[in-house]
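So the structure is just underneath, and the comments pick up after that.
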Number of protein chains: 2
Amino acid sequence: MRVPFFELQARATYFQDYLRSQGIDGALLVQRADTLYFSGTAQNVHFYVPKTGRPVVLVYRDFARAQAESSWGAIPLTGLSKIPELIQGSGLPLPQVLGLEFDVLPVAQFERYRKLFPTVALKDISGAIRRQRAVKSAWEIERMQEAAEIYPQVLAYARTILRPGMTELELEGLLEGKARALGNGGYVRMRGFGSEFHFGAVTAGERATIPSSFDGPVVGQGLWPEQPAGASEAEIRTGEPIVVDTVNVVRGYQVDQTRMLAIGDLSEELKKAYALACEIEEILRRALVPGRTTGEVYDEVLTWVKENTPYSENFMGYGPSRVSFVGHGVGLELDELPTISRGAREVLVPGMVIAIEPKFVFPGVGVVGIEDTVVVADADGARFITKAPQEIIFA
Amino acid sequence: MRVPFFELQARATYFQDYLRSQGIDGALLVQRADTLYFSGTAQNVHFYVPKTGRPVVLVYRDFARAQAESSWGAIPLTGLSKIPELIQGSGLPLPQVLGLEFDVLPVAQFERYRKLFPTVALKDISGAIRRQRAVKSAWEIERMQEAAEIYPQVLAYARTILRPGMTELELEGLLEGKARALGNGGYVRMRGFGSEFHFGAVTAGERATIPSSFDGPVVGQGLWPEQPAGASEAEIRTGEPIVVDTVNVVRGYQVDQTRMLAIGDLSEELKKAYALACEIEEILRRALVPGRTTGEVYDEVLTWVKENTPYSENFMGYGPSRVSFVGHGVGLELDELPTISRGAREVLVPGMVIAIEPKFVFPGVGVVGIEDTVVVADADGARFITKAPQEIIFA
């Protein structure tokens, strides 16, 4: 169950090239998704990457597990103060310029590193790591294809259990339990400070239109102000569009997907809007071509929606709570690069994995839309990682 | 569904006393559990508490929701740079000494505040907030009592579904889905950097004994190295002790509880160890008396285990992966103060809510133990918030 050593070597080598290009002697990584990516273990470790030479995995807890899981080997870490001597003990020089993850590292912990390396210049390397991780290897994409196996089975199960009188929460509980039993890892990693996520949004009717702190077009009302996302305790009514926007994780790799269900029928307008969302998804997928910038693709999609649909005011939210993206990177975390967003200048590269999610929000009525996780490939557009019939499921 | 205004006022007043005692002019809080605690909304807000006067809720997203949810009112925040003028616009002076949450605030965000307040002294107020939040009000304890209603129903359901041939993951999926449908909020907040948690550990036999990065006596093997906690895909065998150690959340308030199940029977030794764990829980509960220190209680329990059981080497883990606590604070977060741990000097105060979890780990065999969430009350010992029959459930 190890991450293959050639994967870890390739990841380290790419990052070491970056370090040398910036005059950084080494980087000390502590954020879980980053240390997992580079070390192959999700145990509590510090990962030290020198600009040349073999990286070192310093393990707080659990040592035996990290040692078994990381092909780099492992060294026990009993306290932060030991880090300099453990680096030197591994035959590596101490850095004069040290990279740290400024975007996530808490101030108090940062101050402890500063005391440990009092004469060392500390630099932020988080942007480089995020850009590197945005481009997935063939091995990583295979893991995401495995994760993509879960959603279609959950959707097929939803078809068998959806019934009048059911609450959003009852539906969510059944789908979440089913996804878990099918091998969904459960915990969803996010990088952004304060980001909170649990399974996804199983939400219907006007509850689906209520915006929240979470930066997405569909969040759900949630159960209380204290957990303002996902299913509510409201009954799903006949004719309400039901959104099943969920994340499945296998071996740490996430895919994000959305399909629609309804009890009874939906209005012709909602069905028309959903057909447009599917059309936009296809336009977006084809526009994700290497060499283009994400902002350019975003503008193109927004222009298409304005010129070809009557719902441009409803696209990706309504009023002040509209979000300014139509897709986001996904991988070990749900909020990866690139974002297909207004003004973004990221250049698309083969291997970038993006959840594209054109959605229309009709205040007081509901949300219709679709979402798939795709990988940037060639001039023909991105390829689907997630798969499931597009048709709305009527129960 | 608002948090009552008298609650919010009492919380702010208590914290303002602290600010004045330390010569701090105001605190700018951004961490979700802290802003929820003080503002009553879990939207994305900055909460500014002046040392005297009315606090200000500055809202990034979603404004309408925050305004409806917080009794303090709400002011839109369109960018960090606006914070000083919004403070002044609320009739408050700009601080000369400003408190921030150094334990969680990322360096990059901290640097932005430093630029916004270039002449201001920045101080860490996270310890004071954690100490304040450790002591719950009557209103908060009522919310935890509501959360405590879920577990006994999940346990009764477990009794009806547990069957030979079931995997840990199948059992977990059913229990998790059931808990959710019964109103468990799902997302579990933790404060510690890198802490990850999903529902809990539904784990049996030797998989339950495998330590992991998570700082607890029972973590579970998990599905893969990438998510090393909770259920595995292994079949639960006859005679293996099954641990159901899960967290339920209502209105943001969590309770933590553990009971045992088994298919067939358990060995006499495991049953004896479990009976001892229940006895230790009672000793621990009675020892949680106002005025005592947590380290003192910890030592007393460890001494009792050493003198009265043959399993002191198995208590709270085995070998190097043993944890050094027997209880932890719980509330809006799972890793609150106080911890009943070696050398801890926190003084017990009525209203502190603690998950006490005496457990024995037998390598290669399994874990037996119990856990309940209790509230420190008076000289008779802490009172149970969680309730469920102690008896092992045999299927």
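The values are calculated or read from the model by the stated rules, or taken from the named source; none is laboratory data. Source: prediction; values computed, not measured. Ideal geometry is used to build each Cβ from the backbone, glycine not excepted, and the neighbour counts take in all protein chains shown. SASA here: full protein model, heavy atoms, side chains in, ligands and nucleic acids out. Shrake-Rupley method; radii C 1.70, N 1.55, O 1.52, S 1.80 Å.
If I ask for residues that are hydrophobic (A, V, I, L, M, F, W, C), closer than 15 Å to B:Val374 by Cβ and not in a helix (DSSP H, G or I), which ones from the range B:115-147 would you list?
B:Val135
Against the definition (more than 24 Å from the chain's Cα centre (by Cα), open to solvent by 10 Å² or more (accessible area, probe 1.4 Å), under 17 Å from B:Gly230 (Cα atoms) and not β-branched (Val, Ile, Thr)), how does B:Glu196 come out, yes or no?
No.
Taking only the range A:79-107 into account, find how many residues are facing chain B (nearest Cβ under 10 Å), in a loop (DSSP other than H, G, I, E, B) and either on the phi > 0 side of the Ramachandran plot or free of Cβ contacts under 8 Å to residues at least 12 places away in the same chain (or both).
0
For the range A:205-236, which positions are closer than 12 Å to B:Gln43 by Cα, at pLDDT 95 or above and of a type in the set (D, E, K, R)?
Within the range A:205-236, just A:Glu226 meets the criteria.
Within the range B:130-173, how many residues are modelled with pLDDT under 95 and either charged (D, E, K, R) or open to solvent by 60 Å² or more (accessible area, probe 1.4 Å) (or both)?
We begin by selecting, within the range B:130-173, every residue modelled with pLDDT under 95; these are B:164-165.
With the extra rule that they be either charged (D, E, K, R) or open to solvent by 60 Å² or more (accessible area, probe 1.4 Å) (or both), the set shrinks to B:164.
Here the count works out to 1.
Residues A:Gly183, A:Gly165, A:Gly216, A:Gly173: which one is assigned to a helix (DSSP H, G or I), in the same structural domain as A:Leu332 (by TED's automatic domain parsing) and of a type in the set (Gly, Ala, Ser)?
A:Gly173
Out of the range B:71-91, which residues are out of contact with any Lys or Arg (no Cβ under 8 Å at 6 or more places or on another chain) and open to solvent by less than 30 Å² (accessible area, probe 1.4 Å)?
Taking the range B:71-91 first, the residues out of contact with any Lys or Arg (no Cβ under 8 Å at 6 or more places or on another chain) are B:73-79, B:81-89, B:91.
Those that are out of contact with any Lys or Arg (no Cβ under 8 Å at 6 or more places or on another chain) and open to solvent by less than 30 Å² (accessible area, probe 1.4 Å): B:Gly73, B:Ala74, B:Leu77, B:Gly79, B:Ile83, B:Pro84, B:Ile87.
Condition check: surrounded by 22 or more Cβ atoms within 10 Å (Cβ to Cβ), more than 24 Å from the chain's Cα centre (by Cα), charged (D, E, K, R) and not in a helix (DSSP H, G or I). Does A:Glu240 satisfy that?
Against the criterion (surrounded by 22 or more Cβ atoms within 10 Å (Cβ to Cβ), more than 24 Å from the chain's Cα centre (by Cα), charged (D, E, K, R) and not in a helix (DSSP H, G or I)), A:Glu240 qualifies.
Would you say A:Val330 is touching a Leu at 6+ places or on another chain (Cβ under 9 Å), touching a residue at least 12 places away in the same chain (Cβ under 8 Å), assigned by TED's automatic domain parsing to the domain that holds A:Gly252 and open to solvent by less than 10 Å² (accessible area, probe 1.4 Å)?
no
Test each condition in (1) of a type in the set (Val, Ile, Thr); (2) away from every other protein chain (no Cβ under 14 Å); (3) open to solvent by 10 Å² or more (accessible area, probe 1.4 Å) for A:Ile24 and report the one that comes out false.
(3)
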